[in-house]
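A.B. asks: My questions will all concern the structure given below.
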Amino acid sequence: MTKKIAILGSTGSIGQSALNVIEALGPEYEVFALSAHSKVEILAEQVRRFRPAVAALTNSTGPDGVDYLKTRFSGTILTGAGALVDIAGMPQVDIVLFGVVGAAGLPAVMAAAQAGKVLAIANKEPLVIAGQILMKTARRHGATILPVDSEHSAIFQSLQAGKASEVNKIILTASGGPFRKATAETFANATKEQALAHPTWAMGPKITVDSATMMNKALEVIEAVRLFETPPEKVDVLVHPESIVHSMVEYVDGSVIAQLGTPDMKTPIQYALTYPKRVPGIAKGLDLAHLGRLTFELPNRSIFRSLDLGFEAARVGGSAPAVFNAANEAAVEQFLSGRIRLGTILELVEHCLQVHAVRQGLGLEELMDVDRWARAEVEQVLKNRRQLMV
Ligand code: MG
């Protein structure tokens, strides 16, 4: 039977890779809906190529984008932020792939869970911000949550070698990013160009900056704690610059099961779409003899304080991970627009965690309030700082 797929965030890095995967998988997998935030030209090209029933443009502030799309697409066009929620709940959709950057995709993730869909989640925010609610909702409505984040896909695959009760530790690998060997000063003062030069993975700008600060790994620690419902004490981070071992699971008998592959998001995307089956893929195969060696080292925690902050947010739980995520997102935006230095991102996240009074058992709306508060706090701190400097 044909699987009908909705790709939310189809013009981003994950969305484009997903479309290449689907094209190669053949007629068993069909694109039912595509959504873009504002890149209407790319979306128009995608609908021409894949002929979905639905296309959505979430940032249609003016009529230009929609008009442009209308002249090129005769299917249903949805607009505005609510479009993602609508698509996620459509009865025709089997699998919803989430490639939306940031917290914006959260309501749609919840809608898909409530509709009992298969959720292929590439963005970590839903699990980080509202992981407990999401896992509970998915269980209640029979939804399946499949990780697309390469590390979590690796852990998910490695977890199939034993029972949850037999797991000793989850070992998240990290490339270490472009500042793995940098001094504290170089790291703190790094520019946008330096931060965007990732050694092994080609990704969108937000996640590339997160890799440079290792905030990405810290978010992944929280993501793993939520997704695999495991205490943070059972999660470790190991730097592995080659990005070949995508993560590992250590069992109680001392056996470590890992998933290896070329650093290509097409592999975890495909696994989530075809799970529990494995089919031939388009990602390049792994040539270990050519690679020669795989190396591992501990992260430098005095520079990458992001890790300790992430573990702490995971341990405290409640609203802390939402603050962690939102403060980081707001700070990265400031960094990408050239207003702050790289090291300031960590300072801002730490500040927000310090001044926030953690609350437990919050609903989605309250968590979104917390998210907004953290963003506003980042703005406020920077505004005050600028006034002080004048
Ligand atoms: Mg990852």
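What follows is calculated from the coordinates using simple rules that are stated; it is not laboratory data. Remember, it's a predicted structure, so these values are computed and weren't measured experimentally. Every residue, glycine as well, gets a Cβ built from its backbone with ideal geometry; the counts of neighbours run over all protein chains shown.
A.B. asks: From the alpha carbon gyration tensor of the chain, can you work out the equivalent ellipsoid semi-axes (sqrt of 5 times each eigenvalue) and give them in Å, largest to smallest?
C.D. replies: Working: eigenvalues 183, 144, 90 Å².
Over the Cα atoms of the chain, the semi-axes work out to 30, 27, 21 Å.
A.B. asks: Also, I was wondering about something else. Which translational diffusion coefficient, to the nearest whole µm²/s, is obtained for segment 3-148 from the Stokes-Einstein equation, given a Kirkwood hydrodynamic radius over C-alpha pairs, 37 °C and 0.692 mPa s?
C.D. replies: Working: Rh = 14.9 Å.
Translational D for this selection: 220 µm²/s.
A.B. asks: Return the subset of Lys39/Lys284; Lys136/Lys163; Lys163/Lys192; Lys136/Lys284 for which the Cα-Cα distance in this structure is over 32 Å, preserving the input order.
C.D. replies: In this structure, Lys163/Lys192; Lys136/Lys284 exceed 32 Å between Cα atoms.
A.B. asks: Further question: HN-Hα J couplings of segment 236-250 from phi, Karplus 6.51/-1.76/1.60, θ = phi - 60°, integer Hz, Gly and Pro as x?
C.D. replies: Coupling constants for segment 236-250: 10, 10, 10, 7, 9, x, 6, 6, 10, 7, 7, 2, 9, 10, 9 Hz.
A.B. asks: I need Leu84, Leu78, Leu348 ordered by Cβ neighbour count within 10 Å, fewest first. Can you show the working numbers first?
C.D. replies: Values: Leu84 29, Leu78 19, Leu348 25.
Ranking Leu84, Leu78, Leu348 by Cβ neighbours within 10 Å, fewest first, gives Leu78, Leu348, Leu84.
A.B. asks: Non-local amide H neighbours of Ala56 (under 5 Å, H modeled in plane, Pro and chain starts lacking H): which ones?
C.D. replies: Counting only residues 5 or more places away or on other chains, the set is Leu34, Ser35, Ala36, Leu78.
A.B. asks: Identify all aspartates and glutamates with a Cα-Cα distance to Lys4 below 18 Å; exclude those on the same chain that are fewer than 8 residues away in sequence.
C.D. replies: Of all the aspartates and glutamates, those that pass the test against Lys4 - Cα under 18 Å, at least 8 places apart if same chain - are Glu23, Glu28, Glu30, Asp86, Asp94.
A.B. asks: Mean-square fluctuation check for the chain, GNM, Cα pairs under 10 Å: which of Lys70, Lys117, Lys163 is largest?
C.D. replies: Fluctuation is largest for Lys163.
A.B. asks: While we're on this one: Using Cα centres only, tell me the gap between segment 200-253 and segment 1-59 in whole Å.
C.D. replies: Cα centres, segment 200-253 to segment 1-59: 27 Å.
A.B. asks: Sum up the charges of everything whose Cβ sits under 12 Å from the Cβ of Val40, counting Lys and Arg as +1 and Asp and Glu as -1, but leave Val40 out.
C.D. replies: Overall, the nearby charge balance is -1.
A.B. asks: Hey, another quick one. Kindly put Phe50, Phe304, Phe32 in sequence by how many other C-beta atoms sit within 10 Å of each C-beta, fewest to most.
C.D. replies: Phe50, Phe32, Phe304
A.B. asks: Give me the net charge for the shell around Val101: Cβ to Cβ below 10 angstrom, other residues only, Lys and Arg +1, Asp and Glu -1.
C.D. replies: Working: positive: Lys206; negative: Glu125, Glu329.
Neighbour charge sum, excluding Val101 itself: -1.
A.B. asks: Let me ask something else about it. Within the set of other residues whose C-beta is less than 11 Å from the C-beta of Glu250, count the net charge using Lys and Arg as +1 and Asp and Glu as -1. If you can, show how the numbers build up before the last one.
C.D. replies: Values: positive: Lys169, Lys234; negative: Glu166, Asp236, Asp253.
Local net charge: -1.
A.B. asks: Further question: Taking other Cβ within 10 Å of each residue's Cβ, how do Ile95, Ile257 sort, fewest first?
C.D. replies: Details: Ile95 22, Ile257 17.
By the 10 Å Cβ count, ascending, the order reads Ile257, Ile95.
A.B. asks: Okay, moving on. With each run of n ≥ 4 DSSP H residues scored as -39500 (n - 2.57), what mean residue ellipticity at 222 nm is computed for the chain after dividing by its residue count and rounding to the nearest 500 deg cm²/dmol? Please report the intermediate quantities before stating the final value.
C.D. replies: Values: 17 runs with 187 residues, N = 390.
After summing the helix terms and dividing by residue count, I get -14500 deg cm²/dmol.
A.B. asks: Now, a different point. Pull up the cross-link candidates among the aspartates and glutamates for Lys169, meaning alpha carbon to alpha carbon under 18 Å and not fewer than 8 places away within one chain.
C.D. replies: Glu151, Glu220, Glu223, Glu229, Glu233, Asp236, Glu250, Asp253, Glu297, Asp308, Glu312
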